[in-house]
Amino acid sequence: MIIWRRNLYVLFGLQMLSMVGFSMVFPFLPLYVNEIGVKTWGSVEFWSGMVFSAQAITPYAMIAIHLPSTLMPQVRQQVPPQVPQTSN
């Protein structure tokens, strides 16, 4: 088996396992938020939604940090080298 295909299958399986884990936690999230100190039911719903949406928002924040570092080698390749000027 080609190495990249094996890696793809492993990552696919782990991603599915992660998604199942998040979906199993969601029904109990309001109980946990209530346990940590949020008392009004409107606030419990709001903070449960915020906690659950954090797993979707986090990748977008990481792209902003990671993307410039991945583009740097490409930007460096596009800049022509400076040729020193010689005066005669």
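The values are calculated or read from the model by the stated rules, or taken from the named source; none is laboratory data. The model shown is predicted, which means the values in this text are computed figures rather than measured ones. Cβ sites come from the backbone with ideal geometry, for glycine too, and all protein chains shown count toward neighbours.
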Query - Out of V10, V44, sole residue that is at pLDDT 85 or above, touching a Pro at 6+ places or on another chain (Cβ under 8 Å) and not hydroxyl-bearing (S, T, Y) - result: V44
Query raised in the report: List the pairs whose first member sits in segment 1-28 and is under 30 Å from V44 (Cα atoms) and free of Cβ contacts under 8 Å to residues at least 60 places away in the same chain, whose second member is part of a helix (DSSP H, G or I) and hydrophobic (A, V, I, L, M, F, W, C), and whose Cβ atoms are under 9 Å apart, counting only residues at least 6 apart or on separate chains?
Result: F22/F52; V25/F52; F26/F52
Query raised in the report: Filter segment 34-69 for residues that are out of contact with any helix residue (DSSP H, G or I) (no Cβ under 7 Å at 6 or more places or on another chain) and outside any helix (DSSP H, G or I); which is nearest to V20 (Cα to Cα)?
Result: I36
